1. Does Leu183 satisfy the criteria of being at pLDDT 95 or above, of a type in the set (A, V, I, L, M, F, W, C) and in a strand (DSSP E or B)?
2. State the number of residues belonging to segment 39-51 that are surrounded by 16 or more Cβ atoms within 10 Å (Cβ to Cβ) and either outside any loop (DSSP other than H, G, I, E, B) or in contact with a Lys or Arg (Cβ under 8 Å, 6 or more places away or on another chain) (or both).
3. Hey, any hits in segment 138-156 for a residue that's within 16 Å of the ligand (Cβ to nearest atom) and modelled with pLDDT under 90?
4. Being surrounded by 15 or more Cβ atoms within 10 Å (Cβ to Cβ), modelled with pLDDT of 95 or more and more than 17 Å from Ala106 (Cβ to Cβ) is the requirement here; does Phe169 meet it?
5. Please go through segment 55-102 and give me each residue that is away from the ligand (no atom under 12 Å from the Cβ), in contact (Cβ under 8 Å) with a residue 24 or more places away in the chain and part of a helix (DSSP H, G or I), ordered by number.
6. Failed condition for His99, given (1) closer than 18 Å to Arg173 by Cβ; (2) surrounded by fewer than 17 Cβ atoms within 10 Å (Cβ to Cβ), with all others met?
Amino acid sequence: MTGPSAAGPATDRPDIPPSLAARPHDARRGLPIPPVNIHPDPTGGGSHVDFTTINTTTSTRLAVERRCSLCGEPMGYWVAFLGGSRAAELMRYADPPGHPECMSAALSLCPHLALGRHRRARADRPGAGIIPPGSHGDKPDRYLLGITRAYRTRFIPEHGFTVYLPAPFKTVRAYAYGLEGQLHPATDTR
Ligand SMILES: [Zn+2]
């Protein structure tokens, strides 16, 4: 199922923002490696890439500096949050923000988002067993990309994770899984 991709290196695809295309690429899948998916090795020396878990130290630092969690570059006027309808309802996100264009690219690039049957391996996260408020233990059946100007970053020490509290969204784009299991834009936002 994860054989060589007929689509070629991800950099050839026109829908990838230059800042994301400039990231180092995963050799196996040809995907740009977001800074938040680089994890220090437990032994101390090097680091490894894990697309299924987020390095919360890095993601918190980037969010505090108003940098994109996917490309690491400074965010401009608009920032985007991606999550299920529950997160949008509570306006509380467990995943850090990014450039709107990087987040929409991730919807088609990230195998954990793009394909309906994939599930993110949340059990590997620090604080496994605790479902952060505002996040959903299971993969949502649809994603909402909320775009806003501002947000607050709040570290919850007793749980060891950070939550992000966006200002009201200016725009919300909805994406749903079709019958074929692929994520595509939906016409409504509910
Ligand atoms: Zn970005």
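1. no
2. Summing the residues that are surrounded by 16 or more Cβ atoms within 10 Å (Cβ to Cβ) and either outside any loop (DSSP other than H, G, I, E, B) or in contact with a Lys or Arg (Cβ under 8 Å, 6 or more places away or on another chain) (or both) in segment 39-51 gives 1.
3. no
4. yes
5. Passing the criteria: Thr56, Ser59, Thr60, Ala63, Val64, Ser85, Arg86, Ala87, Ala88, Leu90.
6. Evaluating His99 over (1) closer than 18 Å to Arg173 by Cβ; (2) surrounded by fewer than 17 Cβ atoms within 10 Å (Cβ to Cβ) leaves (2) as the failure.
Results for (1) at pLDDT 90 or above; (2) of a type in the set (A, V, I, L, M, F, W, C); (3) in contact with a Pro (Cβ under 7 Å, 6 or more places away or on another chain), shown as yes or no for each residue.
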| position | (1), (2), (3) |
| --- | --- |
| Leu82 | yes, yes, no |
| Ala88 | yes, yes, no |
| Arg92 | yes, no, yes |
| Glu101 | yes, no, yes |
| Ala105 | yes, yes, yes |
| Leu109 | no, yes, no |
| Leu113 | no, yes, no |
| Arg119 | no, no, no |
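The values are calculated or read from the model by the stated rules, or taken from the named source; none is laboratory data. Please read these numbers as outputs of a predicted model, since none were measured by experiment. Backbone-built Cβ (ideal geometry, glycine too); neighbour counts: all protein chains shown.
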